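Notes to accompany the following structure.
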Amino acid sequence: MTTTSPAAGAPRVAPDRTAAGAPGAGPAAARDTAIPGRGRSGGAARLRALDGLRLLAALMVAAYHYGGRNGDISRAWGGSPAHQFPYASSAFAYGCLGVQIFFVISGFVICLSGWGRTLRSFIASRVSRLYPAYWVAILLVTAVFALPWVAFKALSPSEVLTNLTMLQYPLGVHRVLGVCWTLWAEMRFYALFALCVVLPGATRGRVVLFCAGWTLAAALAQSAHDPFLNTVLMPQYAPFFIGGVGLYLLHRFGPRDPVAWAIVLVSWLIGQHYAVAGLWHAPSAHAFSYRSATVIIAIVTLGFAAVAAVALGALRWANWRWLTVAGALTYPFYLVHEHLGWVVIGVLHRGAGLPSYATFLLTVGLMLLLAWVLHRWVERPLTPRLRRAIDPRR
């Protein structure tokens with residue numbers, strides 16, 4: 001692969017080479033956090049702090065699913081999580097913002113991963129990264145929910161087969177995995193980035209134009225109230241992806257780039273608006289939880305700031321090897337933690353009588369263990385084979 005020359009005066013960075021043993025975008029983005037030519041021996045150096053940040057975002061989402069909402073999780077606990085965690089449930093309710101942090105990370109990582117790649121190589125990296133663990137998670141959750149003693153509904157064979165495409169959300173088919181809506185958002189971002197940046201070849205100018213054009217188009221789509229435009233341009237999620245792309249520009253070309261800073265600032269301003277609009281409501285006795293607009297803004301800001309700290313090298317000291325493992329577990333953990341967590345919580349809390357907090361921690365631990373099994377025995381052998389099948393030249 002050839003290297004696209006940076007702007008004049010900017011350091012030359014070779015196209016990325018993925019490091020082995022870690023996964024790829026949003027919750028599925030760890031594999032592409034290797035920075036070429038910056039290791040001690042000239043090999044790929046990892047942005048390990050980004051791996052740790054990704055796992056932290058996944059744990060935030062898990063806290064939300066286990067203790068920050070009502071619904072099926074109440075059946076698992078045998079009552080509202082607000083009763084199980086009277087002091088923590090209001091904090092757990094903010095865990096859903098881990099998704100927005102995932103999207104910022106995804107914008108950063110996909111820009112890093114796509115720079116200098118051919119379209120075929122980019123598609124191969126995304127498909128091979130997302131699908132192997134996803135397929136196994138679909139089949140595993142379906143099999144567990146089909147057990148006669150499990151009180152959660154399994155889908156029909158036709159619905160399960162459709163779920164294997166990862167297109168069940170736009171097709172209106174019931175989902176096996178509740179978290180798949182975020183993967184549908186990721187796929188749309190990949191498609192936009194591939195068509196607008198990877199296909200013509202990544203340059204700073206094209207990436208800036210992509211960010212500016214998508215920001216304006218998403219705002220127009222919001223004002224038009226057109227379902228198709230909203231589906232394609234994702235106004236409520238676009239600022240987080242675009243902000244991550246802007247942060248990668250700062251990482252690649254240095255912090256003295258006012259255009260990149262403008263992209264990040266505008267994305268943060270719009271992103272906090274959508275986060276508050278989607279999650280804030282007036283205090284209500286009938287709502288499970290009440291989220292403060294100030295806290296929502298603070299968490300979104302911390303998410304942007306954390307990725308900015310990685311981008312600008314402020315967290316270079318967080319270079320522990322275990323963070324690579326943490327990044328590797330994030331995607332499979334994200335896939336399986338919610339629905340299989342319901343089953344485990346029911347067994348441990350209602351079946352074995354363990355206290356709520358012990359059940360919570362043990363369930364998280366068991367889901368991380370299962371994530372390691374999926375990473376070791378599914379992702380590591382299948383991801384490179386699928387990538388070579390799609391792009392043999394790679």
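The values are calculated or read from the model by the stated rules, or taken from the named source; none is laboratory data. Just so we're clear, the structure is a prediction, and the values are computed from it rather than from any experiment. Don't worry about glycine lacking a Cβ; one is built from the backbone with ideal geometry, like all the others, and counts go over all protein chains shown. In case anyone asks, the SASA skips ligands and DNA or RNA and just uses the protein heavy atoms, side chains included. Shrake-Rupley method; radii C 1.70, N 1.55, O 1.52, S 1.80 Å.
Overall, the chain carries a charge dipole of about 1280 debye about its Cα centre when +1 sits on the Cβ of Lys and Arg and -1 on the Cβ of Asp and Glu, all other atoms neutral. For the chain, the fraction of 1.4 Å probe accessible surface lying on carbon and sulfur atoms is 66 percent. Principal axis extents of the Cα atoms in segment 34-164, from largest to smallest and rounded to whole angstrom, are 55, 41, 23. Shape analysis of segment 254-316 yields a ratio of the Cα radius of gyration to the Kirkwood radius, Rg/Rh, of 1.13.
Simple spin-label estimate for L369 and T301 gives 4.1 nm between the two label positions (7 Å along the Cα-to-Cβ direction from each Cα). For segment 195-342, the equivalent ellipsoid built from the Cα gyration tensor has semi-axes of 27, 24, 17 Å, listed from largest to smallest. Residues whose amide H falls under 5 Å from that of R46, counting only those 5 or more places apart or on a different chain, are I35, with hydrogens built in the peptide plane. Post the alpha-carbon centroid distance, segment 50-128 to segment 173-240, in whole angstrom. Cα centres, segment 50-128 to segment 173-240: 19 Å.
Looking at the chain, the accessible area is 43 square angstrom per residue; that uses a 1.4 Å probe and ignores ligands, DNA and RNA. Distance between the pseudo-spin-label points of Y87 and R376 (7 Å out from Cα toward the beta carbon): 3.7 nm. In the chain, one over the average inverse separation of all distinct C-alpha pairs is 21.5 Å, which is the Kirkwood hydrodynamic radius. With N counted as the residues of segment 111-177, its alpha-carbon radius of gyration over 2.2 N^0.38 Å works out to 1.42. Please give the direction-averaged projected area of the C-alpha convex hull for segment 306-394, in square nanometres with one decimal. Projected area, direction-averaged: 8.6 nm².
Here is the P(r) of segment 235-274: all C-alpha pair distances, binned every 5 Å from 0, give 6, 31, 32, 17, 10, 4 in whole percents. In sequence order, segment 159-167 has phi-based couplings of 5, 5, 4, 5, 4, 5, 7, 6, 10 Hz under the Karplus curve 6.51 cos²θ - 1.76 cosθ + 1.60, θ = phi - 60°, and Gly or Pro positions carry x.
Extension gain, H281 to T203, is 23.9 nm, computed as 0.36 nm per intervening residue step minus the present C-alpha separation. Per the Debye calculation on segment 143-213 with a single equal scatterer at every Cα and no solvent contribution, log₁₀ I(q)/I(0) for q = 0.18, 0.27 Å⁻¹ amounts to -0.75, -1.12. For the chain, adding -39500 (n - 2.57) for each run of n ≥ 4 DSSP H residues and dividing by the number of residues yields -20000 deg cm²/dmol at 222 nm. Rg then Dmax, both in Å and based on the Cα atoms of segment 351-394: 17.5, 55. Residues considered: G351, G244, G313. Largest GNM mean-square fluctuation over the chain, using C-alpha springs under 10 Å, is found at G351. In segment 222-348, Cα pairs under 8 Å separated by at least six residues give a relative contact order of 22 percent. Backbone geometry of segment 310-327 corresponds, through the Karplus equation with coefficients 6.51, -1.76 and 1.60 at θ = phi - 60°, to 3J(HN,Hα) couplings of 5, 4, 8, x, 5, 10, 4, 5, 7, 10, 6, 5, 5, 5, 5, 5, 4, x Hz, x marking Gly and Pro.
Using θ = phi - 60° in the Karplus curve 6.51 cos²θ - 1.76 cosθ + 1.60, the 3J(HN,Hα) couplings for segment 254-260 round to x, x, 8, 10, x, 5, 5 Hz; x is entered for Gly and Pro. Taking the empirical scaling 2.2 N^0.38 Å for compact globular proteins as reference, segment 103-148 has a Cα radius of gyration ratio of 1.64.
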